[in-house]
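The values are calculated or read from the model by the stated rules, or taken from the named source; none is laboratory data. Bear in mind the structure is a predicted one, so any value in this text is a computation, not a measurement. Please note: Cβ atoms are built from the backbone with ideal geometry, for glycine as well, and neighbour counts cover all protein chains shown. Just the protein is used for accessible areas: all its heavy atoms, side chains included, with ligands, DNA and RNA removed. Shrake-Rupley method; radii C 1.70, N 1.55, O 1.52, S 1.80 Å.
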Amino acid sequence: MILYINSCIRKVSRTNRLAKAVLQKLGGEYTELELYKENLRPLDLENLNRRTEMIEQNNYSDGMFDRAKQFASADIIVIAAPYWDLSFPALLKTYIENIYVTGIVSAYNENGMPVGLCRANELYYVTTAGGPYDPTYSYCYIESLAKNFFGIPKTHLVKAEMLDIAGNDAEEILTREINKLK
Ligand SMILES: Cc1cc2nc3c(=O)[nH]c(=O)nc-3n(C[C@H](O)[C@H](O)[C@H](O)COP(=O)(O)O)c2cc1C
């Protein structure tokens, strides 16, 4: 199963268009999570305590773990996230906070080192930026999580940048990047 994690907010999102081209290239069916429709909430004290207690009891039957299980069982993961404030929308961070469950996506070995539990071999991070794109606080962060904690060995960055620079033809740039995928 290809899991498409869509954190684009705008109806006319260019990031979503680019991600759809990636999904088309990958072929096959995909399951889309439109994060803004998912009623995601950052962990609060009550949920954090409840979650910690269940993890300590090795009890992952609660519905609060469903998203983590879905993430861990995907074959390929595609994340679409516009470049916001040098990073990505807070909605995506909230999603990560919800799915990063020790015992489902990651575990620690006897030496205290993280071991990934995710099935996926590949993760695509798709973004578009108004100006020049710096991956430090977005793609690099996701790459580090994927490779060092989730056990997803291959990550790819697909991007279109400089879209909002005066004089640039955003449509032309986007089309060029989409065509590169074909
Ligand atoms: C809240 C917000 C923050 C943004 N921050 C940046 C930024 O830090 N650097 C940049 O180059 N563009 C920034 N942009 C521009 C977007 O990256 C750009 O328009 C992008 O293509 C939007 O993606 P979308 O069409 O999928 O919504 C920002 C846009 C918004 C709405």
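What to note about this one:
- Some residue of the stretch 144-151 being in contact (Cβ under 8 Å) with a residue 24 or more places away in the chain, of a type in the set (F, W, Y), within 16 Å of the ligand (Cβ to nearest atom) and surrounded by 16 or more Cβ atoms within 10 Å (Cβ to Cβ): no
- L174 vs. criteria open to solvent by less than 50 Å² (accessible area, probe 1.4 Å), within 16 Å of the ligand (Cβ to nearest atom), assigned to a loop (DSSP other than H, G, I, E, B) and touching a helix residue (DSSP H, G or I) at 6+ places or on another chain (Cβ under 6 Å): no
- Among the residues of the stretch 59-86, those identified as over 13 Å from Y4 (Cα atoms), within 16 Å of the ligand (Cβ to nearest atom) and buried (at least 16 other Cβ atoms within 10 Å of the Cβ) are P82, Y83, W84.
- Among residues of the stretch 20-41 being hydroxyl-bearing (S, T, Y) and away from the ligand (no atom under 13 Å from the Cβ), the one that is farthest from L174 (Cα to Cα) is T31.
- Filtered residues of the stretch 115-128 (kept if part of a loop (DSSP other than H, G, I, E, B) and touching a helix residue (DSSP H, G or I) at 6+ places or on another chain (Cβ under 9 Å)): L117, C118, R119, A120
- Apart from one condition, Y133 fits all of (1) surrounded by 16 or more Cβ atoms within 10 Å (Cβ to Cβ); (2) not acidic (D, E); (3) not in a loop (DSSP other than H, G, I, E, B); the exception is (3).
- From T102, T128, residue being in contact with a Phe, Trp or Tyr (Cβ under 9 Å, 6 or more places away or on another chain) and more than 16 Å from the ligand (Cβ to nearest atom): T102
- Criterion: touching a strand residue (DSSP E or B) at 6+ places or on another chain (Cβ under 8 Å) and under 27 Å from E46 (Cα atoms) - qualifying residue of L145, L117, L91, L181: L117
- Residues of the stretch 156-171 satisfying the condition of being out of contact with any strand residue (DSSP E or B) (no Cβ under 9 Å at 6 or more places or on another chain) and either more than 10 Å from the ligand (Cβ to nearest atom) or of a type in the set (K, R) (or both): A166, G167, N168, D169, E171
- The combined condition, being of a type in the set (G, A, S) and without any contact (Cβ under 8 Å) to a residue 12 or more places away in the chain, is not fulfilled by S73.
- Among the residues listed as V115, V101, the single one being surrounded by 15 or more Cβ atoms within 10 Å (Cβ to Cβ) and among the β-branched types (V, I, T): V101
- Residue check, G116 over 24 Å from E34 (Cα atoms), away from the ligand (no atom under 16 Å from the Cβ) and either in contact with a Cys (Cβ under 9 Å, 6 or more places away or on another chain) or in contact (Cβ under 8 Å) with a residue 40 or more places away in the chain (or both): no
- Options R10, R17; residue that is closer than 30 Å to E171 by Cβ and in a helix (DSSP H, G or I): R17
- Output for the stretch 5-19, where each listed residue is more than 7 Å from the ligand (Cβ to nearest atom) and of a type in the set (S, T, N, Q): N6, S7
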